[in-house]
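Please read the structure below before turning to the comments.
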Amino acid sequence: MRNLWFHLMPYKDLPATFKQDHNSIWVDIDPRLLTPEKVHEYYNEYMDELEYAAECGFDAICVNEHHGNAYGLMPSPNLIAATLARRTSNAAICVMGASLALYNPPTRVAEEFAMLDCISGGRLIAGFPVGTPMDTCYVYGQNPSTLRQRYLEAHDLIIKAWAAEEAFAYNGRFNQQRYVNVWPRPVQKPHPPIWVPGGGSVETWAWCGEMDYVYSYVSYYGHVAAEATMMGFWEEMARQGKDRNPFRAGFLQFVGVAETREEAIRLYREPAEFFYSNCLHVDPSYVMPPGYVSEATQRMKMKSQVQAAADRSSILSSVKNEMEGILAEGYVLIGSPDEVADQLRKIARKFNVGNLLTLLQFGNMDRQLANYNTKLFAEKVMPQIRDLFEDEWEHKWWPKPMGQAARAMPRTLMAAE
């Protein structure tokens, strides 16, 4: 089992009546709510938390891309990843990821991912998301009916640019470049492992299988709601004749660990309620622009994560005790280390998932609690789940970094050692 520490970087300083007074946390959120000095504080706090997770022994630290929102302050995950590549030495750097259809030209992604792979000495996991409708269609103005075609063309151009032995011309439907000649090239050959974060699209399952990429279900709503998606993915792999290597799949789960379940509920109640009340407060009109969701996905009655956010946000608002609803639905896994480890082992086996992405900082959680959660998970939960699948399957989608002797070491790390 690979354990990855995932950060959303939320804006925590929202007013108590945010949900009542504001239409949406995404797209049209009032810019006057933001204080740049607070963002300065948050960025440094959040990067410290990511570096701390690497120090605690997580296999990878993860960042992602979102625009025009207070849910996640990372419009450019590559900027954050660059700092992490310099200030960590062993953990994989998982950029989950760069929304390919938003880059003009997409070779920008090829260049920046190659830079990250070179800076880190070959520790990059390259995430290729299609992107949420809020980010892609509303904030960045892309046509939803051509978004996936743009994405696929961008992917093909990037892969070709990484592999080409000489400059070439590219003439596609959306991209025309007389000279494609990416410098630098990635350390990893033929390219860094590619993971595709998804929210339940049938096309994404099929494409991951055809391309032999990792499908990573980035779920806001935990293991209970994820069953249909994960079962659907493995049914598609069976249809394609793929093996059931659990490292083909990733799954994200919110987790709160403490010495006892009662203490965990006390500690994580406020950040969990803040997240599910505010961070997923999305105007329903932004979640399904015509053409964004395919007919096949609609026929299977698969809901996107953002559509679920719009629906479930109102459901939780009607629950008398919001935290009870969060726990009952499995949104956040809460308990002692042994209780959490037992649940995660069962989930991993049930979903056949070898890559566990954990959200151990969420909502308005402060640095002290985030680090406590991270340390306790690393010391008392990870040892109980790390052995899963390791003797049964080869992980063919993990970075292959340069040897330690060949790698440059930043002065700050040299001094620390």
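Where a number appears in this text, it was derived from the coordinates with a stated rule and is not lab data. Predicted, not measured: the structure shown is a model, and the values here were computed from it. All Cβ positions, glycine included, derive from the backbone under ideal geometry; neighbour counts span all protein chains shown.
Over all other residues within a Cβ to Cβ distance under 11 Å of His223, the charged ones net out to 0, with Lys and Arg as +1 and Asp and Glu as -1. Among the cysteines of the chain, Cys56, Cys118, Cys137, Cys208, Cys279 have no other cysteine beta carbon within less than 4.7 Å of their own.
As a rough footprinting exposure proxy, the listed residues Val139, Val109 were ranked by other beta carbons within 10 Å of their own, and the order from fewest upward is Val139, Val109. For the stretch 1-142, the C-alpha radius of gyration sits at 1.09 times the compact-globule guess of 2.2 N^0.38 Å, with N the residue count.
Classified by the C-alpha gyration tensor, the stretch 335-417 has an oblate form. Its axis ratio a/c, with a ≥ b ≥ c, is 1.5 or above, and a/b does not exceed b/c.
Here, P(r) means the percent of Cα pairs in each 20 Å bin from 0 to the largest distance; for the chain it is 27, 62, 11, 0. Sorting the segments 273-285, 166-178, 349-361, 9-21 by their mean number of nearby beta carbons within 10 angstrom, highest to lowest, gives 349-361, 273-285, 9-21, 166-178. Among the trypsin sites (Lys or Arg not before Pro) within the stretch 231-293, those in coil by DSSP and having at most 14 neighbouring Cβ atoms inside 10 Å are Arg244.
Kirkwood radius for the stretch 170-270, taken over all pairs of different Cα atoms as the inverse mean of 1/r, rounds to 16.8 Å.
Each Cα pair under 8 Å and six or more residues apart adds its separation to the average, and for the chain the resulting relative contact order is 22 percent.
Residues His395, His7 in ascending order of nearby Cβ atoms (within 10 Å, fewest first): His395, His7.
Neighbour counts of C-beta atoms inside 10 Å place Asp387, Asp28 in the sequence Asp387, Asp28, starting with the fewest. Between Arg87 and Asp156, the simple label model (points 7 Å from Cα in the Cβ direction) yields a spacing of 4.1 nm.
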